Amino acid sequence: MFSRSTLQLLVSSTSWLESAPALWLQLLIVAAWLGFVLLLAEGLNRSKWAEPEAVRKVIHIGTGNVILLAWWFQIPSWVGIAASILFSAVTLLSYRVALLPSLNSVGRKSLGTFFYAVSIGILIAFFWQQQPQYAVLGILVMTWGDGLAALVGQRWGRHRYKLWDVEKSWEGSLTMAIASYLVSSLILLSLQGNIWQTWAVAGAIALTATGLEAFSKFGIDNLTVPLGSAILGFALNQALLEDPMLEDLMLMVVNCCGLQG
């Protein structure tokens, strides 16, 4: 009834169904987590149990950590990019229609949540296929660094400074540096081990991310911090791990500093 080539075509055209149950189950878990985070934030916002900035950071930290699930499940890049586009559209619409009041309840002009969604899509598009660790690194530096910095600065920030008419605190910036260093070092340590490049690259990322967060306005740090952290981490690792001359030079500097210390 059917030729051999026709049967082969039918089999190959339906082979994607074999992976569909696993993918849909993974997406269901991710969607359930995101739904829980958004419902929690909306509940906190409506009940007034938390300050508006704290509610926004619940969304910020909660949604950002979903990248760990995506990395663990090895979810295809097209899913992450599509989700980024969808969430970007929702956040833009929410600024006008108030779909998610908890995103816009802080009383200041900011496109931070929109930039956050855009940065996730860009990082997944560039890094997910070959080196997803850098996408994860950039997103989590923003997730934990900026998220904790805002909370600590608002609650315990006593020493203030102002850049571009935006007030920051040294306590918040220190939190940003520490969180960024811990996130970067843990991700790099898990992949390349306890080598000096791990700690050096993590330190450079932490300092850069803290500077980008400090010199930000209108929430642009939600774009510059994750992109800058990921690109810097990738570039430095490429240089330090693959260029023997540069590695020897860096080791000489480290040894000299050690001898002088």
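Points to keep in mind about this one:
- Test: residue in segment 152-163 that is among the hydrophobic types (A, V, I, L, M, F, W, C) and either under 19 Å from Y134 (Cα atoms) or touching a Lys or Arg at 6+ places or on another chain (Cβ under 8 Å) (or both): no
- Residues of segment 174-230 classified as touching a residue at least 24 places away in the same chain (Cβ under 8 Å), at positive phi and over 15 Å from the mean Cα position of the chain (by Cα), total: 1
- Residue within segment 242-249 that is touching a helix residue (DSSP H, G or I) at 6+ places or on another chain (Cβ under 6 Å) and at pLDDT 85 or above present: no
The values are calculated or read from the model by the stated rules, or taken from the named source; none is laboratory data. If you're wondering where the values come from, they're calculated on a predicted model, not measured in any experiment. Positions of Cβ are generated from backbone atoms using ideal geometry, with glycine treated the same way; all protein chains shown enter the neighbour counts.
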